[in-house]
Amino acid sequence: MTELPLGAAISANLAAVRLRIGRAVARSGRAPDDVRLVAVSKTFGPDSVRAAFAAGQRDFGENRVQEALQKIGQLADLEIRWHLVGHLQSNKARKAVGPFACIQSLDSVELVERLEAEAASRAVSVETLVQVDLAGEATKFGATPDVLEGLLARAAQCRFVRVAGLMLLPPYFDDPEDARPFFRRLRALRDALAQRGVSAAMLRELSMGMSHDFEVAIEEGATIVRIGTAIFGSRPPVGATG
Ligand SMILES: *Cc1c(COP(=O)(O)O)cnc(C)c1O
């Protein structure tokens, strides 16, 4: 088998993913620009990001602050919208305000307050999504539905932190159809919050769907899909690198 050069492989993968997004959007009777693709570049080096950028990709996602900051520095010449999709500890809020166009992992009142204080001290705004934990797994990050309203109410009082929607990382299933009920529940939760008076601006985005289930997520209303493997290739297993 001949291997494509990095740039050609990533550009071909991106084209294939965009095509599949387009089909899922059409199938669901939605408008093509309803769904934004965030290319999750975690564990991949700056060359991979440059290749995707050259192929027209502008939104990139990272799950670790430290790794992300290094890459953001190495790629400062490119106009990239960086999304933080991994857990953010409150004590790292300072580092995350500024480099990231969107923090998709807001999950506690404490973090809202840290981000607000940090953003206020520099008079910059921070866009966020609230990560929701629908599985109720204690080991998982995210705000459970019972604390969501309180979190959104606190965020609504912020001057610098803006919540733009909800984010979901469901449990992993081999069959993407098994994730569908979770996607559906996130959308239903969004609709219920809207009915209870949460502003539409805070509920605009539904970030859900990854490489193996993004089409199902789009059918269920995703406005942002976060895709890594299908664009950049498979990552080394967790723990394989230092
Ligand atoms: C790694 C990651 C993704 C992308 O996963 P793939 O299966 O490689 O597409 C999406 N969202 C989050 C939060 C991630 O950590």
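The values are calculated or read from the model by the stated rules, or taken from the named source; none is laboratory data. Quick caveat, the model's predicted, so the values are computed rather than measured. Note that each Cβ is placed from the backbone with ideal geometry, even for glycine, and that neighbours are counted across all protein chains shown.
Listed values, structure above:
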{"quantity": "Of residues in region 98-133 being among the hydroxyl-bearing types (Ser, Thr, Tyr) and closer than 16 Å to residue 63 by Cα, the one farthest from the ligand (Cβ to nearest atom)", "calculated": "128"}
{"quantity": "For residue 134: the one exception among (1) surrounded by 17 or more Cβ atoms within 10 Å (Cβ to Cβ); (2) modelled with pLDDT of 95 or more; (3) over 15 Å from the mean Cα position of the chain (by Cα); (4) not acidic (Asp, Glu)", "calculated": "(2)"}
{"quantity": "Boolean, residue 114 is assigned to a helix (DSSP H, G or I) and in contact with a Ser or Thr (Cβ under 9 Å, 6 or more places away or on another chain)", "calculated": "yes"}
{"quantity": "Of residues in region 78-108 being closer than 16 Å to residue 140 by Cα and of a type outside the set (Gly, Ala, Ser), the one surrounded by the fewest Cβ atoms within 10 Å (Cβ to Cβ)", "calculated": "89"}
{"quantity": "Residue match in region 214-223 (condition: within 15 Å of the chain's Cα centre (by Cα) and β-branched (Val, Ile, Thr))", "calculated": "yes"}
{"quantity": "Of all residues in region 60-85 being of a type in the set (Asp, Glu) and either in a helix (DSSP H, G or I) or over 20 Å from residue 127 (Cβ atoms) (or both), the one that is farthest from the ligand (Cβ to nearest atom)", "calculated": "77"}
{"quantity": "Flag if residue 72 is in contact with a Ser or Thr (Cβ under 8 Å, 6 or more places away or on another chain) and either over 23 Å from residue 50 (Cα atoms) or without any contact (Cβ under 8 Å) to a residue 40 or more places away in the chain (or both)", "calculated": "no"}
{"quantity": "Every pair of residues 6+ apart whose Cβ atoms lie under 8 Å, when the first sits in region 12-25 and is of a type in the set (Lys, Arg) while the second is modelled with pLDDT of 95 or more and assigned to a helix (DSSP H, G or I)", "calculated": "20/214; 20/215; 23/215"}
{"quantity": "Hey, residue 196 within 17 Å of residue 103 (Cα to Cα), surrounded by fewer than 19 Cβ atoms within 10 Å (Cβ to Cβ) and away from the ligand (no atom under 15 Å from the Cβ) or not", "calculated": "no"}
{"quantity": "Number of the condition not met by residue 234 [criteria: (1) assigned to a loop (DSSP other than H, G, I, E, B); (2) at pLDDT 95 or above; (3) of a type outside the set (Asp, Glu)]", "calculated": "(2)"}
{"quantity": "Residue list for region 156-177, filter: within 15 Å of the ligand (Cβ to nearest atom) and either surrounded by fewer than 16 Cβ atoms within 10 Å (Cβ to Cβ) or under 21 Å from residue 192 (Cβ atoms) (or both)", "calculated": "165, 166, 167, 168, 169, 170, 171, 172, 173, 174, 175"}
{"quantity": "Selection count, region 201-212, where residues are closer than 26 Å to residue 48 by Cα and buried (at least 24 other Cβ atoms within 10 Å of the Cβ)", "calculated": "3"}
{"quantity": "Contacts under 9 angstrom Cβ, first residue in region 211-223 being within 13 Å of residue 23 (Cβ to Cβ), partner more than 11 Å from the ligand (Cβ to nearest atom) and acidic (Asp, Glu), 6 or more apart", "calculated": "216/177; 218/34"}
{"quantity": "Test result for residue 170, modelled with pLDDT under 95 and closer than 20 Å to residue 227 by Cα", "calculated": "yes"}
